[in-house]
Amino acid sequence: MSKHSVPVAKNEYVEVTFEDLSHDGAGVAKINGYTLFVPKGLPGEKAKVKVIKVKKGFGIGRLIDIIEQSPDRTEPPCSIYHQCGGCQLQHLSYEAQLKQKQKQVKDVLTRIGGLPHVPVHSVLGMEDAWRYRNKAQVPIGEMEGGLVGGFYQERSHRIIDLDDCLIQHDENDRIIQLVKDIAKKYGIRGYDEEKHSGTLRHVVARIGKVTGELMVVFVTRTADLPHKEKLIKEIVQQIPNIKSIVQNINSKKTNVIFGDKTTVLWGEEYIYDYIGEIKFAISARSFYQVNPEQTKVLYDQALQYANLTGNETVIDAYCGIGTISLFLAQKAKNVYGVEIVPEAISDAKRNAKLNGIANVEFAVGEAEKVIPWWYAQGIRADVIVVDPPRKGCDEALLETIIKMKPKRVVYVSCNPATLARDLRILEDGGYSTKEVQPVDMFPHTTHVESVACIELKI
Ligand code: SAH
């Protein structure tokens, strides 16, 4: 579209009807074919909008007044929803969120994958879609009134004080509130990002939802944590299920939360949790899925699509701490997991041992290099599971899959757009996508997880 055909000007007020929701949760309106994205607008709504940004291909608007309201609009229960940005869909009813996510997957499979015929099932959602997170990472700072901790205001580094996050497990909220109270009582200073001064940078709380075990991590700028003994004593007195109190030192000027040095101040190095029958050891810095109930739903679906009888060799690419590998190992002959982060592979091996699972092998490396190497060594998988990051699978990996010809590929995806792109490559290489099952792992956010069942054409 040429510049002259942009039909709106900056600061202009226009009346629009939203046709859709974008992948990041904004209302999408068309003005003579020109796309306007308006945060918090909902499909079907008619609204007055102020144009705040005009670009060649699209513009951004601000919602001024809703003229006709969507029946799916709800009052966001969180008091700071509009400042925080952690959730994007609280203004849409949960039922409508699930429908929207299903539509989004269906749309990209059609548009990007050229796969309009592939069935996309209704999204598997949560019965209670609140307080699902098992991990809280709360930035701590200093304001005029003293220590504050909560969340960064959207697109800024200003910390807004908050004690109650509605998608967070209430015990994590409680322990963080307690740490803030104790720190204030004894005058422990919050971190000042600009001056690079103060002590406490972040408080991280983790809970094993099945075991109830709690861990708290103090991320500090200095090795010295004043009043440490009192902090520990009061936590242990007031939180009966505390299992681990840890300090991590991060003395750098950085946005990265954790530093390199971690010491256990009290209790154990690990807390434990279960997904299904499998037990996981979780340290301060371990990756672990933040919504384990829905992770189980997702992995059960992946296991069902893998359709194992006990005789198969399976590859789990992008295996992380081996969650899917250990799930699969219960039903397969052998599982090979590959993952790029060495610490995740150490955790995967520990977890295999913890569960007495001996038919898995884990390798550190890039999936797109390790799997071609396995192929060259003569390893042939009957089933390959992939669970890549948002950017999807590397093309070299997809090419190796096409050469290796496993009977089935199970694709677990956190980004429908790259899933659709990769399914097209597999389809062109002799595979057929049977169905896709989305699972809601992160209610009230725009994230969509799906699992696709892909079979070799005969
Ligand atoms: N299946 C895992 C999580 C997958 S998330 C679980 O259930 O725990 C995606 C993973 O891919 C991350 O652990 C990330 O470190 C890893 N990763 C990213 N790029 C990679 C690559 N090129 N090769 C292998 N692993 C990679």
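Values as computed for the structure displayed
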| quantity | calculated |
| --- | --- |
| Checking A420 against (1) within 14 Å of the ligand (Cβ to nearest atom); (2) within 30 Å of R111 (Cα to Cα); (3) of a type in the set (G, A, S), the condition it does not meet | (1) |
| Test: K353 is under 23 Å from P292 (Cβ atoms), within 16 Å of the ligand (Cβ to nearest atom) and not hydrophobic (A, V, I, L, M, F, W, C) | no |
| Residues of the stretch 266-289 satisfying the condition of being within 11 Å of the ligand (Cβ to nearest atom), under 13 Å from N134 (Cα atoms) and hydrophobic (A, V, I, L, M, F, W, C) | I275, F287 |
| Strands (runs of 3 or more DSSP E) contained in the stretch 1-74 and holding at least 3 residues among the charged types (D, E, K, R) and modelled with pLDDT of 95 or more | 13-21, 46-54, 58-68 |
| Test: residue in the stretch 360-382 that is basic (K, R), more than 25 Å from the chain's Cα centre (by Cα) and at negative phi | yes |
| Only one of I371, I402 that is near the ligand (Cβ under 10 Å from one of its atoms) and among the β-branched types (V, I, T) | I371 |
| Options A302, A306, A332; residue that is touching a Ser or Thr at 6+ places or on another chain (Cβ under 8 Å), more than 20 Å from Y270 (Cβ to Cβ) and not assigned by TED's automatic domain parsing to the domain that holds T262 | A332 |
| Residues located in the stretch 75-89, provided they are part of a loop (DSSP other than H, G, I, E, B) and either in contact (Cβ under 8 Å) with a residue 60 or more places away in the chain or charged (D, E, K, R) (or both) | E75, P77, C78, I80, G85, G86, C87, Q88, L89 |
| Filter pass, E343 being at pLDDT below 95 and either within 12 Å of the ligand (Cβ to nearest atom) or touching a Leu at 6+ places or on another chain (Cβ under 9 Å) (or both) | yes |
| Matching option when the condition is more than 16 Å from P139 (Cβ to Cβ) and surrounded by 19 or more Cβ atoms within 10 Å (Cβ to Cβ), among I159, I207, I182, I188 | I207 |
| Selection within the stretch 274-296 - over 15 Å from the mean Cα position of the chain (by Cα) and either within 30 Å of E435 (Cβ to Cβ) or hydroxyl-bearing (S, T, Y) (or both) | Y274, I275, G276, E277, I278, F280, S283 |
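The values are calculated or read from the model by the stated rules, or taken from the named source; none is laboratory data. Computed from a predicted model, the values in this text were never measured in an experiment. Ideal geometry is used to build each Cβ from the backbone, glycine not excepted, and the neighbour counts take in all protein chains shown.
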